[in-house]
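Scroll down for the structure; my scribbles are underneath it.
The values are calculated or read from the model by the stated rules, or taken from the named source; none is laboratory data. This is a predicted model, so every value here is computed, not measured. Every residue, glycine as well, gets a Cβ built from its backbone with ideal geometry; the counts of neighbours run over all protein chains shown. Ligands, DNA and RNA are excluded from the accessible area calculation, which covers all protein heavy atoms including side chains. Shrake-Rupley method; radii C 1.70, N 1.55, O 1.52, S 1.80 Å.
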Amino acid sequence: MSRKKRKTKRRGKLWVRLGLILLDLLVLGLLILAIQSFYAMSRKKQEAGNFSWDHYQSVVHALGGMDGKTYLNCKEGFEYYYEQGARLFEVDLTQTADGVWVCRHDWEDCMEQWEGDGKKVLMSGDFKNTAIYGEYTPLTLEDLLRLLKKYPDAYVIIDCGGYESRNSKNTYSDFKAFAEIARAAGADSVMGQMIPEIYNTKMYDALEKVNHFPSYMYSLWQEYSVKKLKKIAEYCKETGIPTVTINREYWTEEIQEIFDEQGIRVFVYTVNDQAEAEKYLKAGAAGICTDTLLEEKTSS
């Protein structure tokens, strides 16, 4: 073999070795990224499996307000406040004219999804294909469940309305439907990220038959007598419901003391003023439900 051929052969072997080294580095880099992604997801799942109210001082109301607008229950709100560090949200659920569960407080306000100011219950297709106020993405419950699967360290308090008509039967059937929607979406695990908001004692037993949820929040959605509040506080302690939420118009230091005596946390809603939030926290409230305030501000 000539000197030139030997030199060419050595050069070819060198390029092969370099190629193999680069391939090894590429594989190693991909392996490191995969390991990092695995541990990041594992940390999120670990957090998601250990819900504690001790970690939260604020609940993002209706998935967050944006640009001065509230009750949006939209994708952009959830993603924005998640990026800002929020992990505990509240969402409103209602049904479309064709029976699809969607993230909307009610059908009273058009929110520019239909013309005019009167009430109108949309079909699911019209709801999904019409932006809220012309710019925010509406969510079906299935859409929300897929978001929760993507963000396993986020929790959502479920407000499914019908306060006066809520009973064991409709609570069981509705949350059973939610579980079936989650299963169909390939997101069974997100049932462990849902915190039902209950409005009366009849709801609790029905919910426990559907799923063992990570926690519950008892909503004091109307004005109650002191006697009734004491009974609710005792009921929460007996059943292990750790938290109640009360409208800021009804909150008083006396009511705060009633729940403090039973070791029940009180969240006040809806509070968007920093000074007001600090007032409730200093008076003993565990937290607030808010459209816009971020966790670090309420913790300061």
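Report the local net charge at residue 162: Lys and Arg +1, Asp and Glu -1, summed over other residues whose C-beta lies under 11 Å from its C-beta.
Numbers: positive: 166; negative: 106, 159, 164, 174.
In short, -3.
For region 166-300, what relative contact order do you get, as a whole percent, if you take Cα pairs closer than 8 Å and at least 6 residues apart? Mind dumping the intermediate values first?
On the way: 182 pairs, mean separation 22.7, N = 135.
Relative contact order here is 17 percent.
Just to confirm a number: summing +1 for Lys and Arg and -1 for Asp and Glu over residues other than residue 142 whose beta-carbon lies under 12 angstrom from that of residue 142, what do you get?
Working: positive: 128, 146, 149, 183; negative: 143, 180.
It works out to a net charge of +2.
Could you tell me which of rounded, prolate or oblate describes region 214-271, using a ≥ b ≥ c as the square roots of the eigenvalues of the alpha-carbon gyration tensor, with rounded for a/c under 1.5 and, failing that, prolate when a/b is larger than b/c and oblate otherwise? Provide the component values of the computation, followed by the final result.
Numbers: a/c = 1.65, a/b = 1.20, b/c = 1.37.
Taking the square roots of the gyration eigenvalues as a ≥ b ≥ c, region 214-271 is oblate.
Where in region 153-194 is the amide nitrogen less than 17 Å from a point lying 7 Å along the Cα-to-Cβ axis of residue 235?
160-172
Ignoring everything but the protein chains, give the 1.4 Å probe accessible area of residue 260 in square angstrom, nearest 10.
Rounded to the nearest 10, that gives 80 Å².
Relative contact order for region 47-185: what percent, with Cα pairs under 8 Å and sequence separation of 6 or more?
This gives 24 percent for region 47-185.
On a C-alpha basis, how far is the centre of region 174-221 from the centre of region 49-100 in Å? Whole number, if you could?
Answer, in whole Å: 16.
Could you tell me which GluC sites (Glu not before Pro) in region 110-192 are loop residues by DSSP with no more than 11 other beta carbons within 10 angstrom of their beta carbon?
Of the GluC sites (Glu not before Pro), the ones in loops of region 110-192 whose Cβ has at most 11 other Cβ atoms within 10 Å are 115, 164.
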